[in-house]
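For reference, the structure discussed in these notes is given below.
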Amino acid sequence: MALIRRCVGLLLLLVVSARASAQSATSPSTGGGSGSASTVNGVAINGPAPPVAPDTLARDGQGHVTLRATRITAPVKIDGKLDDEPYRLVQPMGGFAQTEPRRGEPATEQTEMWLFYDDENIYVGAKCYDSSSEEQWVANEMRRDSMNVVRNENFAIYFDTFYDRRNAFLFELSPIGGIYDAYVTNERAPGNTDYNPVWDRQAGRFEHGWTVEMAIPFRALRYKPGASQVWGVNARRTVRWKNEESFIQRMPPNQGSVIFQISLGGTLVGVDAPSGSKNLEIKPYAIAGLSSDRLAKPAVNNDLSKDAGFDVKYGVTQNLTADFTYNTDFAQVEVDEQQVNLTRFPLFFPEKREFFLEGQGIFDFGGAESTTRSGNTLTPLLFFSRRIGLNNGAEVPIDVGGRLTGKVGRTTIGLIDVKAGDTAATPTTNFGVVRMKQDVGRRSNIGLLYTGRSNGVTNAQATQAFGVDATLGFYDNWTVNTYWAKSDRPTVHDNDTSYRANVVYNGDRYGLQYEKLRVDQNFSPEVGFLRRSAFDRQFGSLRFSPRPAHSKRVRKYTYSANYDYIANTEGRLESRDVNAAYNVAFQNGDGFNAQVGRSYEYLPTPFAIAPGVRLPVGGYGFGDVTAAWAQGNQHKVSGTFTVSTGTFYDGHRTTASYSSGRIELSPRLSLEPGVSVNWVDLVEGQFTTRLLSNRATFTVTPRMFISGLVQYNSSTNAVSTNLRMRWEYNPGSELFVVYTDERDTALSGLPTLKNRAFVVKMNRLFQF
């Protein structure tokens, strides 16, 4: 109870602080810029003064840009032709400058852009001039929110509607109609792609290139109340066949995706956004299916089931949204991708359910995750939504749930309350999450997170976790992430905290990182995820990334070195990894990487690494050499080919893999194969692991696709099939047809059926 009172007290303090900030301050502080910030309706903007009509763009000597949107009296027809009257009367915005490959130079392919609005929508139009033939364009993906859309020719724009220089709504379109929309939180890529608003768009052609038209409803956005809005904005043009990126707001290159640097964007003025209604959306669903489970006792064979439920979205204010769900069903969600685990720690599987994915970034805690060289996350997650409605991979019914997300002044708010369970295996369980973050300065924030879980109405076996965190941004490339967290369980009263301090410099030419991370022995967030407990980590890395001045083939070289030291809480070394890497990024988007590493691992208990193979207690030193070739998306066959070999515990391991694979058969039809094979030879025994997968996707239109995923994992002796058809038959309304099948390959002969299901689910969106 003391922990709850502390949490509530801090929450109240943040709320009071946010209200005081909203009353005393006119706007969030702006980034370091020209030093001559203008003021619009009491909001200090970063960049030149707004242009005076008929001008639509102003730019200062440092490259900062201020754009002015134009009000129109009649809607623009979204057909990709750009022949409506506003396009003739309003001058376009241009002057895109390269970020890649030649920073600051004018784009080699011109882009013209228009921004209009009326009482319902904000409209975006663009002419993307291109000197090549259409056959040379990289345009081979139509699936919504596929990363391959980003790797195609595309035009993208974001709106930082609160002008907080941290968060934004992102919209992208390719020449063949592939779309990517996401909500960016705290400048973190790739954004939340489960933000899927109802908006209209169309790509077209003209004699010298292709066009973009978008109509984005104001009701799909969240913004501060009041007319004469001041937003952050930036637009990007990607000419993939040249591997060139240019922005209307001049942007520096860095090691990540530049468009997510919201703090460096331009300014948009002139938008008189409507106050709007409360924006009520109701989305009922109906589902029916047949299921078989041969492992159940008694076995289930073609059991018919049907059900119904609904989701409700309500705009409490223009910047606060409440979501409610009743009798939630996630049968349409794609199955998890299989993984092979050769470590003694549990695997992490990402969330895929829509209710928990929308607004997920608000609940992120502690800053960017800490990962090992193999890509495994070490940073504890104080909140992991897969703890709700799932038990060891099996679905647990969610009876009812609610969520409130949004922003009040400079305070971001996230609340979740869910009731789940009430089955023979899982009693009724209540889950609660409280998240608040307060913006500080230009790129910084402080916040707190509280999670709780209890069984039934009596709060039996109640557990909770609490933490405070801060992300401190300095200049453009320095970031400090830190947190302190504590778990609270009825039977544990000490050694139950975790803390972290992480310092990162991520410039284009140089990079460094240092981290101190500690997790106490009894720290256990019950509504979170903990891959490893009872450890003290120190990590350091250095990077040097020069760009050759006159190379026609090579864009960048990268030399890096990392040192990872993990001891237990008593100071005894358990894991150590030292590695050096060399990377070449080619002008056409291909890449080569070579690494050499030396590792040490201490096993405090015997480790069963494979069936019949058990490693004894002790310390093991081993090393490896890795080479990888990344084939860019401009090729018909793309993906990363990797080979690694070296010592492994008291023996040897060789690994060969093909990941992120894609074979383009047509813009509508593609295959995405994946292969990973480990050949392991230890003193205790030999074994081979095989992980094979292939996803075939046929995209009928950007609103309809058919996808099939087949996976084989030798470690679990399982082969699984997942076939999905998704049709957005009306904006926001969907029909799903799903077939899943899992079989056991351990027995001789054909794979034996374990479970099977065929499901049809339909929902309908009603907007008021």
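Taking the charge dipole of the chain about its Cα centre, with +1 at Lys and Arg Cβ atoms and -1 at Asp and Glu Cβ atoms, the residue from S228, V418, L542 reaching farthest to the positive side is L542. To the nearest ten degrees, helix 2-24 and the longest principal axis of the Cα atoms of the chain are 10 degrees apart. By the rule of a C-alpha distance below 22 Å, with chain neighbours fewer than 8 residues away ignored, the lysines paired with K81 are K127. Loop only by DSSP, 12 or fewer other Cβ within 10 Å of the Cβ. Give me the GluC sites (Glu not before Pro) in the stretch 690-768 that pass, ordered by residue number. Answer in residue order: no site qualifies.
Simple rule: put +1 on each Lys or Arg Cβ and -1 on each Asp or Glu Cβ in the stretch 535-685, find the dipole, and look at S551, V683, Y563; the Cα lying farthest toward the positive end is S551. For the chain, the 222 nm mean residue ellipticity estimated from helices alone, with every DSSP H stretch of n ≥ 4 adding -39500 (n - 2.57) and the total spread over all residues, rounds to -1500 deg cm²/dmol. For L290 and H635, the FRET efficiency from 1/(1 + (r/R0)^6), where r spans their Cβ atoms and R0 equals 51 Å, is about 0.75. Projected label points at T645 and S733, each 7 Å from Cα along the beta carbon direction, are separated by 6.0 nanometres.
Mind checking the stretch 523-621 for GluC sites (Glu not before Pro) that DSSP puts in a loop (not H, G, I, E or B) and that have at most 16 other Cβ atoms within 10 Å? Filter output for the stretch 523-621: E570. With a Förster radius of 30 Å applied to the C-beta separation of A656 and S132, the computed FRET efficiency comes to 0.25.
Overall, the chain carries a charge dipole of about 880 debye about its Cα centre when +1 sits on the Cβ of Lys and Arg and -1 on the Cβ of Asp and Glu, all other atoms neutral.
What's log10 of I(q)/I(0) for the stretch 709-768 at q = 0.18 Å⁻¹, Debye sum over Cα points only, no solvent? So the normalised log intensities work out to -0.68.
As an equivalent ellipsoid, the stretch 41-271 spans semi-axes of 24, 20, 19 angstrom, where each value is the square root of five times an eigenvalue of the C-alpha gyration tensor, largest first. Partners of K486 within straight-line reach, counting lysines whose Cα lies under 29 Å from its Cα and excluding those fewer than 8 residues away in the same chain: K352, K407, K419, K437, K516.
Step by step: find N for the chain, compute 2.2 N^0.38 Å, then divide the Cα radius of gyration by it. What's the final number?
0.97
Here the stretch 699-768 is assigned +1 on the Cβ of each Lys and Arg and -1 on the Cβ of each Asp and Glu. Its dipole about the Cα centre then comes out at about 160 debye. Evaluating kT/(6 pi eta Rh) at 20 °C and 1.002 mPa s, with the Kirkwood radius of the stretch 535-685 over Cα pairs in the Stokes-Einstein relation, gives 118 µm² s⁻¹. Would you mind checking the stretch 581-618 for residues with the amide N under 19 Å from a putative spin-label position 7 Å along Cα→C-beta of A561? What the label zone holds, given the 19 Å backbone N cut-off, is 581-584, 594-600.
The length gained on full extension between A580 and V316, counted as 0.36 nm times the residue separation minus their Cα-Cα distance, comes to 89.8 nm.
The stretch between K754 and E85 holds 234.6 nm of extra length on full extension. This uses 0.36 nm per residue minus the Cα-Cα distance.
I need the GluC sites (Glu not before Pro) found in the stretch 146-248, filtered to DSSP loop residues with at most 11 other beta carbons within 10 Å of theirs.
Here the sparse-neighbourhood loop sites are E207.
When the Cα positions of Y163, P751, A630 are compared along the charge dipole of the chain, Y163 comes out farthest toward the positive end, with charges on each C-beta of Lys, Arg, Asp and Glu.
Here, each number is a calculation from the coordinates, and none is a lab measurement. Everything numeric here is computed off the predicted structure, so don't read it as measured data. No Cβ is skipped: glycine too gets one built from the backbone with ideal geometry, and neighbour counts run over all protein chains shown.
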